[in-house]
1. Which residues, counting only those in the range A:211-237, are outside any helix (DSSP H, G or I) and either touching an Asp or Glu at 6+ places or on another chain (Cβ under 7 Å) or free of Cβ contacts under 8 Å to residues at least 12 places away in the same chain (or both)?
2. Taking the range B:203-259 on its own, how many of its residues are outside any helix (DSSP H, G or I) and polar (S, T, N, Q)?
3. Given the conditions (1) surrounded by 20 or more Cβ atoms within 10 Å (Cβ to Cβ); (2) away from chain A (no Cβ under 14 Å), and given that B:S402 satisfies all but one, which numbered condition is not satisfied?
4. For the range A:139-178, what are the residues that are among the β-branched types (V, I, T) and within 14 Å of chain B (Cβ to nearest Cβ)?
5. Can you confirm whether B:V440 is touching a strand residue (DSSP E or B) at 6+ places or on another chain (Cβ under 8 Å) and not in a loop (DSSP other than H, G, I, E, B)?
6. Quick one: which of B:L106, B:L152, B:L158 is of a type outside the set (D, E) and over 30 Å from B:P181 (Cβ atoms)?
7. Listed residues B:G258, B:G243; which is closer than 17 Å to B:G392 by Cβ and buried (at least 20 other Cβ atoms within 10 Å of the Cβ)?
8. Only residues in the range A:94-121 that are within 14 Å of chain B (Cβ to nearest Cβ) and in contact (Cβ under 8 Å) with a residue 40 or more places away in the chain count as the first member; pair them with residues that are crowded, with 16+ Cβ neighbours inside 10 Å and among the basic types (K, R), Cβ under 6 angstrom, at least 6 apart or cross-chain, and list the lot.
Amino acid sequence: MLLVENICKSFGGKEVLKDINFQIGEGEILSLLGPSGCGKTTLLNIILGLTEQSEGQVIYKGEEISHIPMNKRGFNIVFQDFALFPHLTAYENIVYGLKNRNAKVQKKDVQEYIDFLELEPHLHKQINQLSGGQKQRVSIARTLVMQPKILLLDEPLSALDGVIKESIKSRIQQIAQDFGLTIIIVTHDPEEALTISNKVLIINEGKVAQFGTPQQIMAQPADPFIETFILKQLHIKRKNIYRLFGERHA
Amino acid sequence: MLKTTKTMRILYVSLLAIFIIFLIVPLIYMMWLSFDDKGALSGRHYQEVWQSRELLASVLNSFRVSFISAAITTILAFIIAYTIYFTTISVNTKKVFRLVVTLPMLLPTITYGFILIYVFGNQGYITRFIGEPLFSIYGFNGLLIGYVIYTLPAAFLLIANGMEYVDQRYVLVSVLMKDRPMRRFYHTVLRPLYGAIAGAFILSFILSFTDYGIPASIGGQYQVIATTLYQTMLGSIPDFSKGAVIAIMMLLPAIIAGLLLRKFERYTVSYRSTGDYETVSSAIKNRTFMVLCSIIAFFIVGIFSILIIVPFTSAYPYDMSFTWKHVQNVLGMGELMRVYQNSLLVAFLSAAIGITISFTAAIISVRTSITSRGLIQWISILTNTVPGMVLGLAYLLLFNGSSLKGTFLILIICNLVHFFTTPYLMMKNALEKMDMSWEVTGALLEDTWLKTVWRVIIPNIRKTIIHVFSYYFTNALVTVSGVVFLVSTNTSLLSTKIKELQHYSKFNEIFILSLLILMMNLVVMTGGYVLNKPKKRSVINEKKIYYSTGNGKLVSIVSRMWRWKNESG
């Protein structure tokens, strides 16, 4: 469905992405995982159409879309800080884009998403009255009502804490499942990437370190970077949890 | 950030065109005129000016009086700011000090001179109280007092802004480490504020050096560069080339001062978090600074009180009975009311168009990726540096034969360019603090760039827009220097009309017109306060937008000023 071929990107002579290749299908969740500054957000921006690649192609359903401007690609993004408009209520934010479609927007048009994301009690609140998780859900709803072909999420969980994080995680999986929507997530957290996605693309210093399912990555890490940087973090976490709860509870 | 669109490019090019036509070209033309000798380049005019004793004397006089006034102003400004930030006297008293020290900003500088005459002149109330004049108010003494009052608000706000970022916890640490008072003062207050103090001195100096209003009213025989320039251009035999040379001589120190101001900014220690700690003070310190500040405030109030006494007395100082006669006379004079309307029109249009220009400049500078957008920053530095009188003269020289001459349009353009820097920086700071993803989000929600600006950016920058309106309006209403060369009989403004009335010794009319200016400014300020009153739906912390600036002192000054206005109501 989405094919990324030989993508390279340089900024002022510095190569930040080198020969990136991967493919994902409809309704799949892909995580772009890697340390800060590895180029994952640049890759996300290239897919979105915000940044132009120096070389390579982005192909969606067989069509090369690199030349198509961002606003005409039909993809959409939820930013890390949500980018909600603070002068509008949660509901006004959700229906913001629909007003550009020259039709009178009614609540029933978006009710499905409001119910799905459990936003009903918060619709008339100002943005500064919402919690991090609620903001995240409003931002997702605003994006979903535009019925994007692919949903991009830039570090969607990094601003959230424990329990809320888990609830948003399951909701993201549900979105992919219920709406058959392809989702690409940028994250630097291995646990997040490996537990939420169908496929994970690990980037290190602008290059693909490994691309595969979480199981493949856990079972056969492709190089020492993945073992030391990615998997070691999980082992440390596991150890800490064992220490706290004992092996049985963990 | 969004890719550059055609709309962004069109706006950017239009903006550049405005500043090229109304800033760069007039200045280059003026410079060319200063070297022009019947079509050939020559330094003859400069030579003549340097050989003219009167002119050199006026330059030296300007330096002398501006330097001394800047020194006094800086000390006084420091005392007031220190009292507000480093003592524990009551908050309301502090508010009163702030109010009093910034009040003169709402009047044209030309009014200061006439007020001083009524206080210290032969018939002044201080003279009558003591029995003889303390000193001759005309010339050096009058200029000195006038400049100090004029530049005190700017210097105070600059230092106060610096003090706001001094971390009070260091004073506490110094106390706990048993530092001696002077050592504590040096390390916790003086040293972090070197930049702000030096900046206040330079700003005061250059404001005095380039002001025309005060010397026009009280300069007497003591010639300064501004009066010499005025006489050269609008005297019996106007000399355009000589005028251009004098303007360049006025411009050069202003440019040097502008560069120094930017340099000194780096010396200002800016603490990231100032915390919320109690100010450490002692009863002696509180009392001492309370007395010092009270003297300064009493002096300013004492001087400006004359403005509301003279117009309401039958024949000051001989018959002190109350009367509405003078006010009724002025209000009945069609000519003066027409001038008042002119002023309001120019101030309103300057403010309305000023918002558009400064907003466009700021949004292109901060929220687009146009490659050469850095030029806007340079334009803002240049407009901040060019004195109003120099800009006005450059317009006079360039547009003398054009249809712009003697129109309201040229006055409005002059105001727009002259006062551009501060509104631009205010807008820029506000826009920088907003989420940079809004335009991309807007585009993904099928907005055009302009639509996102209209639907998202403008509603969130509303407060700053109101501040910018007030700033442009107030300054356009009080400016003398900027428009003195450009007004005509039909486009006469209140501030320049005051100068005309001086020749007929119509001081009652002068004071009433000044009061009208003051009242109008207060109305606009109050309007701004009411509109900007925090509402439930307000979420952008605009105070933060203003204070966490790293872009030039002037924006800090104004930001502090408007915050105070809002707080005090």
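1. Let us first name the residues in the range A:211-237 that are outside any helix (DSSP H, G or I), namely A:211-213, A:220-223.
Within the range A:211-237, A:Q220, A:P221 meet the criteria.
2. Step one: list which residues in the range B:203-259 are outside any helix (DSSP H, G or I), which gives B:211-212, B:219-224, B:235-239.
Still in the running and polar (S, T, N, Q): B:221, B:223, B:236.
Count: 3.
3. Going through (1) surrounded by 20 or more Cβ atoms within 10 Å (Cβ to Cβ); (2) away from chain A (no Cβ under 14 Å) one by one, B:S402 breaks only (1).
4. The first filter runs over the range A:139-178 and keeps only residues among the β-branched types (V, I, T), leaving A:140, A:143, A:145, A:150, A:163-164, A:168, A:172, A:175.
Once the filter is applied, which keeps residues that are among the β-branched types (V, I, T) and within 14 Å of chain B (Cβ to nearest Cβ), the range A:139-178 yields A:I140, A:T143, A:V145, A:I150.
5. Numbers: touching a strand residue (DSSP E or B) at 6+ places or on another chain (Cβ under 8 Å): yes; not in a loop (DSSP other than H, G, I, E, B): yes.
Considered against the rule, which asks whether it is touching a strand residue (DSSP E or B) at 6+ places or on another chain (Cβ under 8 Å) and not in a loop (DSSP other than H, G, I, E, B), B:V440 comes out as yes.
6. Details: B:L152 fails: over 30 Å from B:P181 (Cβ atoms); B:L158 fails: over 30 Å from B:P181 (Cβ atoms).
One residue alone meets the criteria, B:L106.
7. Numbers: B:G258 fails: closer than 17 Å to B:G392 by Cβ.
Just a single option satisfies the conditions, and that option is B:G243.
8. Close Cβ pairs satisfying both conditions: A:I94/A:R142.
The values are calculated or read from the model by the stated rules, or taken from the named source; none is laboratory data. Since we're looking at a predicted model, the values are computed, not measured. Note: ideal-geometry Cβ built from the backbone for every residue, glycine included; neighbour counts use all protein chains shown.
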